[in-house]
Amino acid sequence: MARKAPEEAKAHQLVKQCPQAIVAYSEEYPSIPSTVTGEGWDIEQNSATFGYAYWRGYIDLSGFRNQDLTLFTQAIDIQKSYMSRNDGAPTSLPVVKELDVISTRRLTTAEITALGTAPGYLGNTVDLQNVIYGLRRTLVENLQIPKEYQTADVETWGSGNATAMDKLHWTRIIEFTIVGPAANLYIYPTNLLVAALTMKEKDLVWMERMRRSYVLQEANL
């Protein structure tokens, strides 16, 4: 059946929420591993001094996909209820990096925990075209307020590409550097808001977008 002619764009606000996580770092790693609690959260610890906690969710776009609509993101907002904190001794968890990646496909554990290479950069198997938006915050312990963090650096990246896939994936990655004794790291609830437009593209444009999306997805999995 032939698709309808291109039509005017329609505005949408898409929302997803990520629950709180508590990372319990164990000084006895690896004999007693560190753990994370929180719905949907997982943990990987590369060594006694470095680890990752991560959460993967998505916004369902199948309703748009079934209508052959393309989604164009206009603005993305990551809302944190509170700054992360820990209950350990001073400098026990001195550096925490929080990454939020909005992508056209689900990230694998290996891609999430690729040391020193964020998704969408050379060295990671996630192509930049798959990353619509990325946000990284580097937090360092606030020596004036024990157990609290302050922001040392904020960076954004991403292609901003439109997508015709049936899901918009959101991955939260928490990288934690360990120096001192055992501690709990608290990651508070976070919201994702996406302002977007949907519209029908011309047949050839839409078909080529779909082809590229699936080629990139298959090539990197």
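Observations on the model:
- Residue in the stretch 76-94 that is buried (at least 17 other Cβ atoms within 10 Å of the Cβ), modelled with pLDDT of 95 or more and either in contact with a Pro (Cβ under 7 Å, 6 or more places away or on another chain) or closer than 30 Å to Thr198 by Cα (or both) present: yes
Let's see how each residue does on (1) among the polar types (S, T, N, Q); (2) within 24 Å of Thr109 (Cα to Cα):
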{"residue": "Ser26", "(1), (2)": "yes, yes"}
{"residue": "Tyr29", "(1), (2)": "no, yes"}
{"residue": "Glu39", "(1), (2)": "no, yes"}
{"residue": "Asp42", "(1), (2)": "no, yes"}
{"residue": "Ser47", "(1), (2)": "yes, yes"}
{"residue": "Phe50", "(1), (2)": "no, yes"}
{"residue": "Phe64", "(1), (2)": "no, no"}
{"residue": "Tyr82", "(1), (2)": "no, no"}
{"residue": "Val96", "(1), (2)": "no, yes"}
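- Tyr58 passes every criterion in (1) at pLDDT below 90; (2) within 22 Å of Glu111 (Cα to Cα) apart from (1).
- Scanning the stretch 66-80 for residues that are charged (D, E, K, R) and over 26 Å from Thr109 (Cβ atoms) yields Asp68, Asp77.
- Output for the stretch 131-157, where each listed residue is of a type in the set (A, V, I, L, M, F, W, C), modelled with pLDDT under 95 and more than 18 Å from Tyr188 (Cβ to Cβ): Leu143
Residue by residue, here is whether (1) over 20 Å from Tyr133 (Cα atoms); (2) surrounded by 16 or more Cβ atoms within 10 Å (Cβ to Cβ) holds:
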site: Ala11; (1), (2): no, no
site: Ile43; (1), (2): yes, yes
site: Ala48; (1), (2): yes, no
site: Asp60; (1), (2): no, no
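- Of all residues in the stretch 39-60, exactly one satisfies the criterion of being among the aliphatic types (A, V, I, L, M) and in contact with a Lys or Arg (Cβ under 6 Å, 6 or more places away or on another chain), namely Ile59.
- Candidates in the stretch 38-59 are the residues that are of a type outside the set (Asp, Glu) and part of a loop (DSSP other than H, G, I, E, B); of these, the one that is nearest to the chain's Cα centre (by Cα) is Gly40.
- Of everything in the stretch 151-190 that is of a type in the set (Gly, Ala, Ser) and more than 20 Å from Phe50 (Cβ to Cβ), the residue that is surrounded by the most Cβ atoms within 10 Å (Cβ to Cβ) is Ala164.
The values are calculated or read from the model by the stated rules, or taken from the named source; none is laboratory data. This is a predicted model, so every value here is computed, not measured. Note that we place each Cβ from the backbone using ideal geometry, even for glycine, and neighbour counts take in every protein chain shown.
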